Amino acid sequence: MNRTLVSLALGSLLAAAQFGALAQGASAPAGSASMPRVDQRQQNQEQRIDQGVANGTLNKHEAHRLQRHQAAVDKAENKALADGTVTKKEKAKLHAMQEGAGKGIHHQKHDRQPDRQQPASAPAAK
């Protein structure tokens, strides 16, 4: 039950964040460029985080930390797009940030760390 509530809360939070991103994108200046590869990769990584929460391989603390990293990548992308031109240096920085985020997601999903909210198993009777 707790896991279901956490999954629903995280899903709602992500939906709100995506709606906010869409609203920002709609109000962007006509001359600003988009970075579809970065956006697609971000979407894929957010989906991986959602899947990890849903199947229990990520606990809420891990998911929150990974989502903060995704937000940092979003912020760097917006900063790179602010002047209308994305330099090679900015692209390299975004790529490196996304690589780090992807490795972090993989590590956290495969660390076999239990959810801290789950009660510990009862000690065996002697």
Of the residues in segment 59-79, those that are crowded, with 17+ Cβ neighbours inside 10 Å, farther than 18 Å from Ala92 by Cα and within 12 Å of the chain's Cα centre (by Cα) come to Glu62, Ala63, Leu66, Gln67
Taking segment 58-79 and the residues there that are hydrophobic (A, V, I, L, M, F, W, C) and touching a Lys or Arg at 6+ places or on another chain (Cβ under 7 Å), the one that is farthest from His107 (Cα to Cα) would be Ala76
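Determine whether Asn55 is surrounded by fewer than 19 Cβ atoms within 10 Å (Cβ to Cβ), within 18 Å of the chain's Cα centre (by Cα) and under 14 Å from Lys109 (Cβ atoms).
yes
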Result of the Cβ filter at 9 Å on segment 101-123, keeping first residues that are modelled with pLDDT under 85 and polar (S, T, N, Q) and partners that are surrounded by fewer than 13 Cβ atoms within 10 Å (Cβ to Cβ) and part of a helix (DSSP H, G or I), at least 6 apart or interchain, is Gln117/Asn2; Gln118/Asn2
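The values are calculated or read from the model by the stated rules, or taken from the named source; none is laboratory data. Everything numeric here is computed off the predicted structure, so don't read it as measured data. Ideal geometry is used to build each Cβ from the backbone, glycine not excepted, and the neighbour counts take in all protein chains shown.
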